[in-house]
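Below: the structure, in structure tokens.
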Amino acid sequence: MSGQPNGFLHFLKRTLGVVATLALLLAAYMAWVVARFDTETLPARHGQVDVELFARGGGRHPLIVGLGGSEGGNAWATKAWQKQRERFLDQGYAMLALGYFGTPHSPEHLDRISLDGVHAAIQRAARDPRVDGRCIAVIGGSRGAELALLLASHYPDIKAVVAIVPGSVVFPALTDAMTTAGFSFHDKPLPFVPMTWGATPQLLVGDLRGAFETIMRDEAAMARAAIPVERIAGPVLFVSAAQDEVWPSKEMSDVMMRRLRAHGFRHPAEHLVVQGGHAEPLDEFPKMEAFLQSRLAEACR
């Protein structure tokens, strides 16, 4: 019996030694990934997107541009989104499903995605004879909401935005290194809130919200990377999740609402807070439809 405590201590020391060694190896690997990542060369297929336009005959229809989130691909062109896509068509809109990364002809990763390239694709769709190019709305979720707000902040031909669980700033690219901006303008990366080593423990255990909250403590970076939502040339609807487990979408939407008020924003701006997690706002499309029906026509006059 007297040998058992010594045996346990020996086992504990060996275990801690293994854990420490693995932690050091992981840290070294991550440092290697960051050091070797090319932050200067723009990604392959930069500025390219994949689109699919859904439109019915019978005149020119207001255009809704659908942007997916960090899952990549062209979400609004898929069968999973067909029902909501058809609802928009039934309500008299044309629908442009736009994949900006993770599709055959777009960049592989959400890395310095070109606002110019996305906007050029929207302009091409707006010239379709079934589309009223004077009346364009953008709807996006999560990182797609970040993109939607950036587009509307830079291009006045976008007349309305529905931002579902949005971010209020430009966040890092979704690469292994996460050392570049998620989005770029005129081929220059936008200022972004950098990923810090302090967020590594949360990332390793899958605590995404914790990681975002850690990097968002950098107030100077948050100020530099803030999306200038006050420049948007039409109504804005923020739809956030009160218990968002991915990032603090409610708090960031609150920040953007305050920013709009501080700048005397002259267009309608609403913030719908949905109880639940990151995906819960997807049950609230009837309210988003009502917002577009009441606000978009007015904005396009």
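Taking θ = phi - 60°, what integer Hz values does the Karplus form 6.51 cos²θ - 1.76 cosθ + 1.60 yield along the range 224-236, in sequence order, with x for Gly and Pro?
Running phi through 6.51 cos²θ - 1.76 cosθ + 1.60 with θ = phi - 60° gives 5, 8, 4, 6, x, 4, 5, 7, 4, 9, x, x, 10 Hz.
So what J values fall out for the range 248-262 if you push phi through Karplus, 6.51 cos²θ - 1.76 cosθ + 1.60 with θ = phi - 60°, rounded to Hz, Gly and Pro as x?
Values per residue, Gly and Pro as x: x, 5, 5, 5, 5, 5, 4, 4, 5, 4, 5, 5, 4, 5, 5 Hz.
What list of ³J(HN,Hα) values in whole Hz, one per residue of the range 62-69 in order, does the Karplus curve 6.51 cos²θ - 1.76 cosθ + 1.60 (θ = phi - 60°) give from phi, with Gly and Pro shown as x?
x, 9, 9, 9, x, 10, x, x
Show the residues, 5+ positions off or on another chain, whose built amide H is closer than 5 Å to the amide H of S114.
The list, which skips near neighbours in sequence, is G47, S184.
Please label the shape of the range 43-97 as rounded, prolate or oblate, based on the square roots a ≥ b ≥ c of the eigenvalues of the alpha-carbon gyration tensor (a/c under 1.5 means rounded; beyond that, a/b larger than b/c means prolate, else oblate).
Taking the square roots of the gyration eigenvalues as a ≥ b ≥ c, the range 43-97 is oblate.
Would you mind checking which residues have amide H under 5 Å from A242's amide H? H placed 1.01 Å from N; only 5 or more apart, or other chain.
V274, Q275, G276
Given the -39500 (n - 2.57) contribution per DSSP H run of 4+ residues, what per-residue ellipticity at 222 nm results for the chain, rounded to the nearest 500 deg cm²/dmol?
-12000 deg cm²/dmol
When the chain is fully extended, how far beyond the present Cα-Cα distance does K83 get from A262, taking 0.36 nm per residue of separation?
Going from the current span to full extension adds 60.6 nm.
Using modelled amide H (1.01 Å from N, peptide plane; none on Pro or chain starts), what sits under 5 Å from the amide H of V138, excluding residues fewer than 5 places away?
V65, A160, V161, V162
Under 24 Å from the Cα of K287, which lysines turn up, not counting those fewer than eight places away in the same chain?
Partners within reach: K79, K83, K159, K250.
On full extension of the chain, what length is gained from M222 through H271, given 0.36 nm per residue of separation minus the C-alpha to C-alpha distance?
15.6 nm
What ranking, highest mean first, results for peptides 144-155, 40-51, 233-244 when packing means the other Cβ atoms within 10 Å averaged over each residue?
Output ranking for 144-155, 40-51, 233-244: 144-155, 233-244, 40-51.
Which GluC sites (Glu not before Pro) from the range 159-251 combine a DSSP loop assignment with at most 16 other Cβ atoms within 10 Å?
For GluC sites (Glu not before Pro) across the range 159-251 that sit outside H, G, I, E and B with at most 16 neighbouring Cβ atoms in 10 Å, the list reads E245.
With Cα extents along the principal axes in Å as the read-out, I listed [x] 88, 40, 39; [y] 66, 42, 36; [z] 58, 42, 39; which label goes with the value calculated from this structure?
Among [x] 88, 40, 39; [y] 66, 42, 36; [z] 58, 42, 39, the one derived from this structure is [x].
Bear in mind that the values in this text are calculations on the coordinates, not laboratory data. In this text the structure is predicted, and so the values were computed from the model without any measurement. Cβ sites come from the backbone with ideal geometry, for glycine too, and all protein chains shown count toward neighbours.
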